[in-house]
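The values are calculated or read from the model by the stated rules, or taken from the named source; none is laboratory data. Quick caveat, the model's predicted, so the values are computed rather than measured. Reconstructed Cβ throughout: ideal geometry from the backbone, glycine too, with neighbour counts over all protein chains shown. Surface areas here come from the heavy atoms of the whole protein model, side chains and all, with no ligands, DNA or RNA. Shrake-Rupley method; radii C 1.70, N 1.55, O 1.52, S 1.80 Å.
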Amino acid sequence: MHESWKPFLKNEFSQDYFRELSDFLHQAYDTKTIYPPKRQVFSAFTTDLDAIKVVILGQDPYHGPGQANGLAFSVHQGIRIPPSLQNIFKEARADVGANIPTNGDLTRWSKQGVLLLNNTLTVEAHHAGSHRGHGWEIFTEHVITYLGQARPHLVFILWGRDARSKKSLIDQSKHFIIESAHPSPLSAHNGFFGSKPFSRCNTKLAEWGMPEIKW
């Protein structure tokens, strides 16, 4: 994780809810197949807090082998691009003319100040949503609240019901919210396609005098 996050994370790790979450995770990793690998659970926090301009909030990690890498919606190079990410790339092409990449590694977004965060940071193999209700939602709420206080202007992109449930935590007098259905094939045609999140994001960043994201 980046140095800028350490005071926040140290405080969270010491709280009772996180101790209970940690106990749950230790048992889960010891007895079941859990994604992402332990060393990648907090990969989103390698993005410098002081450089963050955009927060993309998803639901939970991919639950197939080798997919989840700690960055929401991202997979490592060499891993087949999941359908949700394919839909994200399709919308980016339709919205801002972005080329569809040959791999699903979104590190290039995180290096531009995009925090790729899931509502829950771990999942049991082949069981979507399996780690809901164990404390990750509290952690994510605290992350969003902390970001909202630490950064003067942020664009929050909320995809899906779990992400949109965090809307009330965001001060809209300071920050800008873009919300839609999740890019999953099950819901993408119910409001994700055509929502133009990438151009709307860059328009707001430009209004604030900040560099646009090269999607």
Filter the helices (runs of 4 or more DSSP H) completely within segment 1-117 down to those with at least 3 residues that are touching a residue at least 40 places away in the same chain (Cβ under 8 Å), touching a Pro at 6+ places or on another chain (Cβ under 8 Å) and open to solvent by 10 Å² or more (accessible area, probe 1.4 Å).
83-96
Within segment 161-178, which residues are in contact with an Asp or Glu (Cβ under 9 Å, 6 or more places away or on another chain) and either among the basic types (K, R) or in a loop (DSSP other than H, G, I, E, B) (or both)?
R164, S165, K166, K167
Step by step: first the residues of segment 142-169, then only those that are of a type in the set (K, R) and open to solvent by 20 Å² or more (accessible area, probe 1.4 Å), then the one that is farthest from I88 (Cα to Cα). Which residue is that?
R151
Only residues in segment 170-198 that are surrounded by fewer than 18 Cβ atoms within 10 Å (Cβ to Cβ) count as the first member; pair them with residues that are assigned to a strand (DSSP E or B), Cβ under 6 angstrom, at least 6 apart or cross-chain, and list the lot.
I177/F156; E179/L158; G191/S180
Residue by residue through segment 122-138, note down the ones that are in a helix (DSSP H, G or I) and surrounded by fewer than 21 Cβ atoms within 10 Å (Cβ to Cβ).
E137, I138
